[in-house]
1. Name the residues whose placed amide hydrogens come within less than 5 Å of the amide hydrogen of G366, ignoring near sequence neighbours (fewer than 5 apart) on the same chain.
2. Find out how many positive minus negative residues lie around H222, taking Lys and Arg as positive, Asp and Glu as negative, among other residues whose Cβ is under 10 Å from that of H222.
3. Per the helix-only calculation at 222 nm, which mean residue ellipticity applies to the chain, given -39500 (n - 2.57) for every DSSP H run of n ≥ 4 and division by its residues, nearest 500 deg cm²/dmol?
4. Over the chain, what is the relative contact order in percent, taking alpha-carbon pairs closer than 8 angstrom and at least six residues apart?
5. For the chain, what is the percent of antiparallel DSSP beta bridges, rounded to the nearest 5?
6. Before anything else, pin down the relative contact order of segment 117-238: Cα pairs under 8 Å, at least 6 apart, normalised by residue count, whole percent.
7. Give me, ordered by chain and number, the residues 5 or more places off G112 or on other chains with an amide H under 5 Å from its own placed amide H.
8. So what are the ³J(HN,Hα) numbers for segment 353-364, from phi and the Karplus equation (6.51, -1.76, 1.60; θ = phi - 60°), rounded to whole Hz, Gly and Pro as x?
Amino acid sequence: MGDDITTYDYLIIGGGMVADAAARGIRERDTAGTIGILSADTDEPYTRPALSKKLWTDPDFTWDQVPLNTVADTGAELRLNTLVTRIDRFSRAVETGDGELVGYRRLLLATGSTPRTIPAPEGDDRILAFRSAEDYRRLRELAERGGRIIVVGGGYIGTEIAAALAQNGVETELVFADATLGASQFPPALAERYEKLFVDGGVDLVPVRRVEEIRAEGNVLHAVLDDGQERAGDAVVIGLGADPVVDLAVAAELAIDDGVLVDEHLLTNDRSIWAAGDIAEYPDPILGRTRVEHVDNANEMGEAVGRSMAGEETPYSHTPYFYSQVFGTRWEAVGTVDASCDPLTVDLGDDRAVVYYRDASGAPVGVLLWNVEDARDLARAVLVDRETSEDALRARIR
Ligand SMILES: Cc1cc2nc3c(=O)[nH]c(=O)nc-3n(C[C@H](O)[C@H](O)[C@H](O)COP(=O)(O)OP(=O)(O)OC[C@H]3O[C@@H](n4cnc5c(N)ncnc54)[C@H](O)[C@@H]3O)c2cc1C
């Protein structure tokens with residue numbers, strides 16, 4: 001390796017939530033080492049959940065609360081609009097889109113996820129696969145223009161964006177595959193309650209349909225459904241889930257399964273390369289080997305990976321929770337939330353409920369907390385104890 005390239009003690013690929021937390025984790029143990037962050041994003045690291053929730057629903061939450069202030073707080077050098085195209089493990093350098101080499105002593109892969117999409121006219125800026133701050137700004141512009149926005153997909157992003165738009169007075173239509181919104185996650189009675197939030201909130205629901213493609217005809221966009229029907233709108237937001245960005249890791253021949261495989265120190269099979277966040281498949285002490293695309297995971301694993309890169313030897317042991325919030329209803333969960341996993345619902349009154357999802361042996365594999373606060377540790381304990389008696393489960397979280 002020549003001396004003419006910049007080499008960082010810690011180099012992070014990706015400028016998202018993990019990058020921010022990792023830089024902070026590094027600084028907990030190493031106040032002097034140089035940290036470089038190479039990010040394909042146009043914005044410095046920011047709090048992503050706000051893009052589909054608080055920025056739309058909380059008038060006191062303004063744009064200045066979105067950036068995470070990574071550079072100011074950690075002294076990391078951040079390069080934006082910089083796509084890393086290759087990792088050279090042999091010379092310990094990465095290459096950027098414009099051919100520059102950047103060296104590393106310790107490297108972190110934190111490339112997050114990329115939203116899935118469907119066939120649509122290329123480059124049409126009225127169609128968004130929603131993920132970034134730039135997408136948020138663009139959707140705001142589209143929302144302010146008036147007209148009708150079609151949201152595709154009944155998962156987290158689709159439901160949160162549909163709720164956000166409707167709460168901001170935008171004519172909104174939500175197309176989703178389930179018979180009742182949320183039915184693949186929640187038991188029937190809860191899915192009905194969930195769906196009612198959207199009906200009452202003024203969202204037009206189009207159930208049991210998938211959008212196969214988007215067509216543009218003059219000023220109008222058409223979402224073509226799987227039964228041949230077409231829905232017309234002025235803009236389309238696609239919320240069909242996301243895939244982990246593992247292309248660099250694959251090309252560098254790191255071990256991969258559902259994501260980049262890491263051990264309990266968040267190290268890959270290359271002892272100079274760590275991975276964390278949406279892309280990392282890690283050994284969770286409660287859930288087993290898993291990959292989690294949620295923010296608690298990004299924050300906790302991010303800080304832990306930073307500490308690990310800086311020499312900390314304590315194994316990573318946090319089991320993440322995840323959450324969503326629409327129309328003032330907040331749900332949180334730990335583990336598997338899948339309506340096909342024999343859900344046991346305990347109604348706590350006041351629109352509060354707990355759902356225990358169970359495997360074939362009757363042991364809980366996931367806990368959903370519907371408008372129930374401060375019970376994440378109790379939920380984790382339920383998954384550790386694996387009690388199978390219904391009465392015992394019912395008594396666990398009240
Ligand atoms: C709109 C939205 C709302 C969300 N809300 C919630 C929520 O309410 N609750 C919850 O639990 N989770 C939520 N999440 C999920 C959560 O935000 C993610 O799990 C978290 O951001 C993952 O962090 P990460 O650093 O792994 O990836 P990201 O934050 O996605 O960051 C990845 C970064 O890597 C960059 N990158 C990718 N490839 C390259 C490359 N080759 N070179 C350089 N840079 C690259 C990207 O540009 C990006 O900056 C939400 C996600 C979105 C999109």
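1. T336, Y357
2. -1
3. Dividing the helical sum by the residues of the chain leaves -7000 deg cm²/dmol.
4. Contact order relative to length: 16 percent.
5. 60
6. Contact order relative to length: 31 percent.
7. V245, D278, I279
8. After applying 6.51 cos²θ - 1.76 cosθ + 1.60, I find 7, 10, 10, 9, 9, 10, 8, 4, 8, x, 7, x Hz.
Quick note: the coordinates plus some simple rules give every number you see, no bench work behind them. Only a predicted model underlies this, so the values are computations on that prediction, with no experimental measurement involved. Methodologically, a virtual Cβ is constructed for each residue, glycine included, from the backbone with ideal geometry; neighbour enumeration extends over all protein chains shown.
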